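> Sharing a structure here in structure tokens format.
The values are calculated or read from the model by the stated rules, or taken from the named source; none is laboratory data. On a predicted model such as this, the values are computed, not experimentally measured, just so you know. All Cβ positions, glycine included, derive from the backbone under ideal geometry; neighbour counts span all protein chains shown.
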Amino acid sequence: MTRNDNWKSELGLETLKKVVSRCIPQWTDGLRDWQLDSVSTLLSRQHLFTIAATGEGKSALYIIPILVHLEIARNPEEYPSFRFRPNPVVIVITPTKALATSIIRELEQFNILGFSYCHQNITEYRTKKINLENLISECNTWNLICIDPEHLSSPEWRRIIEDEVFRSNLILFSIDEIHLIRCLPENVPVAALTATSAVGEPTAALCRSLGLIADNYHLIRRSNERSNMHLVIETYKKTPGGSKYARILDYLRSGRKAVIHVNTIPEAYAIYTYLWDFIPSEFNRLRRMRMFHSLCPDKYNNETFNLIESDPYLQVIIATAGFTQGVNRKKILDSISFGFPSTLDDFWQAKGRVGRDPASLCRGIAIISPKLLKSAADVVKMHKDPTYTIKSKNSQSNNIKTFETLAIEKALFLVEPTCRIANANIYYVLADQSTVTCAPSDMSRHMIFLPPSSVHHYLGFQRLLPQQDYLRSENPQNTLA
């Protein structure tokens, strides 16, 4: 029988389910329907663009193809219908070192060896006088390589990709957090993955830049809503003699493990210094709170990454943008953004760091300045009425500056009066505000968003549960203050 790549057939789908059941017995329910559709598309060597929520299982789209090829290589007589690579390799483009580290750690539970092609590891192999280029090209050491866009364009990687052995074993080119990257290889199926690509021109622009046009790719769009997340947007108030960071303490006193997202490194140090004095003296402050940013040594950041899961006494991580993209640490329950990120996409990526365990209740929090909220209201008014002007001494210049620095989708989200979850569903999933209405529900203290039809489709809801449900802690004595 001639082997083929027709994984979309009935035989292909059943074989895929069989392989997953055999290789990952802990996944008792197997692949979700959209994952089955996605993986079979990639195994059939077709391009794929998938938009799904953070933590929903997009990493399976580049992990499962590796397991499939390895399983068939071990037992070729059991799968006579399908082609396979004896030493399958997947390239995953990762825009940040933190994302690469997260992916490599995740591979361990599937017994897959991965490698992060970053400056630290390159230097280590050069010091040991090991030819890393040859090691990768031979395809005998790692099944997955994480690499950033800068290194991918290097002469070394051009030679690797042109190597005959490497090309014959390359089964997939995956671009994680596709909204940050613009590139596309030739003659290899591409998996473009993200949680934040708005309907309309943002998605169309990504597709054009990647050459995903007409019928040469398969698009899967799912909601990026997190049903286990309570969303909070509030303004800070600086009182005489007080600090604008004081509101952060009200959330940290719960004892829940939290990441504080900041826009700049100086802000990270300012918050770290402020919180330092609120940690009781009986606790090791350096163990209780850590930072994660580009000025920290790679060794320190990697240690922080591991301690998030392993050390119950580490409660607070203060991080810059590098921690917002794709990092998977299930012990983090609260994401606190001090100051709103530059874009709505960046905000949702940051909130995606929490609640990775669907059974947990997490909080997505943003503490913003009153000035930002007022600017957002001005932008919305100017968007609706071009004749509207800000009443100040320099109205015209203020109008221009506000429009240039605050995108309308971000402004609409900030001033949303009823439910910001519904607002996000409109922007990322529906693109038409007329199809969503907010209405009370029979479900106690929940807000449900219903399209105007006789059938109620639950597009999203924001949990409004009693405060103690969010503030419970496994170690209540280990509070910050």
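> Going through TYR79, TYR62 one at a time, which residue ends up being touching a residue at least 24 places away in the same chain (Cβ under 8 Å), over 28 Å from SER360 (Cβ atoms) and of a type in the set (Phe, Trp, Tyr)?
Just a single option satisfies the conditions, and that option is TYR79.
> Can you tell me which residues in the range 317-338 are closer than 23 Å to LEU372 by Cα and in contact with a Phe, Trp or Tyr (Cβ under 8 Å, 6 or more places away or on another chain)? Even if it seems obvious, please write down each step before you answer.
Within the range 317-338, the subset closer than 23 Å to LEU372 by Cα is 318-321, 324, 334-338.
Scanning the range 317-338 gives ILE318, ALA319, THR320, ASP334, ILE336, SER337, PHE338.
> While we're here: Quick check on my filter: what residues within the range 258-274 are in contact with an Asp or Glu (Cβ under 8 Å, 6 or more places away or on another chain) and without any contact (Cβ under 8 Å) to a residue 40 or more places away in the chain?
Quick first cut of the range 258-274, residues in contact with an Asp or Glu (Cβ under 8 Å, 6 or more places away or on another chain) only: 258-259.
Correct list: empty.
> Looking for whichever is part of a helix (DSSP H, G or I) and either modelled with pLDDT under 80 or of a type in the set (D, E, K, R) (or both) here; the options are THR389, THR402. Which one fits? Can you show your working first?
On the way: THR389 fails: part of a helix (DSSP H, G or I).
The conditions single out THR402.
> Then there is this: Could you tell me which numbered condition SER375 fails, if it satisfies all but one of (1) over 15 Å from the mean Cα position of the chain (by Cα); (2) in a helix (DSSP H, G or I); (3) more than 30 Å from THR239 (Cβ to Cβ)?
The one condition SER375 does not meet is (3).
> Oh, and also: So ILE336 clears everything in (1) surrounded by fewer than 24 Cβ atoms within 10 Å (Cβ to Cβ); (2) within 27 Å of PRO266 (Cβ to Cβ); (3) hydrophobic (A, V, I, L, M, F, W, C) except one condition, right? Which one?
For ILE336, the exception is condition (1).
> Given the conditions (1) modelled with pLDDT under 90; (2) among the hydroxyl-bearing types (Ser, Thr, Tyr); (3) touching a His at 6+ places or on another chain (Cβ under 9 Å), report the number of the one that THR54 does not fulfil.
For THR54, the failing item is (3).
> Sticking with this structure for a sec: Quick one: how many residues across the range 337-385 are within 24 Å of GLU309 (Cα to Cα) and not acidic (Asp, Glu)?
Residues in the range 337-385 being within 24 Å of GLU309 (Cα to Cα) and not acidic (Asp, Glu): 21 in total.
> Residues in the range 288-311: is at least one more than 28 Å from LYS97 (Cα to Cα) and surrounded by fewer than 17 Cβ atoms within 10 Å (Cβ to Cβ)? Let's see the steps before the verdict.
So in the range 288-311, the residues more than 28 Å from LYS97 (Cα to Cα) come out as none.
No: the range 288-311 contains no residue that is more than 28 Å from LYS97 (Cα to Cα) and surrounded by fewer than 17 Cβ atoms within 10 Å (Cβ to Cβ).
> Something else: If I filter the range 84-96 down to residues being touching a His at 6+ places or on another chain (Cβ under 9 Å) and surrounded by 15 or more Cβ atoms within 10 Å (Cβ to Cβ), which single residue comes out as nearest to ILE308 (Cα to Cα)? Quick ask: steps written out before the conclusion?
Initial filter on the range 84-96 (touching a His at 6+ places or on another chain (Cβ under 9 Å)): 84-88.
Checking which are surrounded by 15 or more Cβ atoms within 10 Å (Cβ to Cβ) leaves us with 84-85, 87-88.
Details: PHE84: 38, ARG85: 37, ASN87: 33, PRO88: 32 Å.
Restricting to residues being touching a His at 6+ places or on another chain (Cβ under 9 Å) and surrounded by 15 or more Cβ atoms within 10 Å (Cβ to Cβ), the top hit is PRO88.
> Which of the residues spanning the range 275-298 are touching a helix residue (DSSP H, G or I) at 6+ places or on another chain (Cβ under 8 Å) and in contact (Cβ under 8 Å) with a residue 12 or more places away in the chain? Walk me through it before giving the result.
Pass one, the range 275-298, residues touching a helix residue (DSSP H, G or I) at 6+ places or on another chain (Cβ under 8 Å): 275-276, 278-279, 285, 289-296, 298.
Those that are touching a helix residue (DSSP H, G or I) at 6+ places or on another chain (Cβ under 8 Å) and in contact (Cβ under 8 Å) with a residue 12 or more places away in the chain: LEU275, TRP276, PHE278, ILE279, MET289, ARG290, MET291, PHE292, HIS293, SER294, LEU295, ASP298.
> In addition: Has the range 38-46 got at least one residue that is surrounded by fewer than 21 Cβ atoms within 10 Å (Cβ to Cβ), touching a strand residue (DSSP E or B) at 6+ places or on another chain (Cβ under 7 Å) and closer than 21 Å to THR2 by Cβ?
First pass over the range 38-46, keeping only residues surrounded by fewer than 21 Cβ atoms within 10 Å (Cβ to Cβ): 44-46.
This time we only want the ones that are touching a strand residue (DSSP E or B) at 6+ places or on another chain (Cβ under 7 Å), so: 46.
Those left that are additionally closer than 21 Å to THR2 by Cβ: 46.
Yes.
> Could you say whether any residue in the range 39-52 is of a type in the set (Gly, Ala, Ser) and under 25 Å from ILE332 (Cβ atoms)? Even if it seems obvious, please write down each step before you answer.
Of all residues in the range 39-52, those of a type in the set (Gly, Ala, Ser) come to 40, 44, 52.
From what is left, the residues that are under 25 Å from ILE332 (Cβ atoms) are 52.
Checking the range 39-52: at least one residue is of a type in the set (Gly, Ala, Ser) and under 25 Å from ILE332 (Cβ atoms).
> Right, next: Might you let me know whether the range 114-133 holds any residue that is touching a residue at least 40 places away in the same chain (Cβ under 8 Å) and either over 23 Å from CYS296 (Cβ atoms) or charged (D, E, K, R) (or both)?
no
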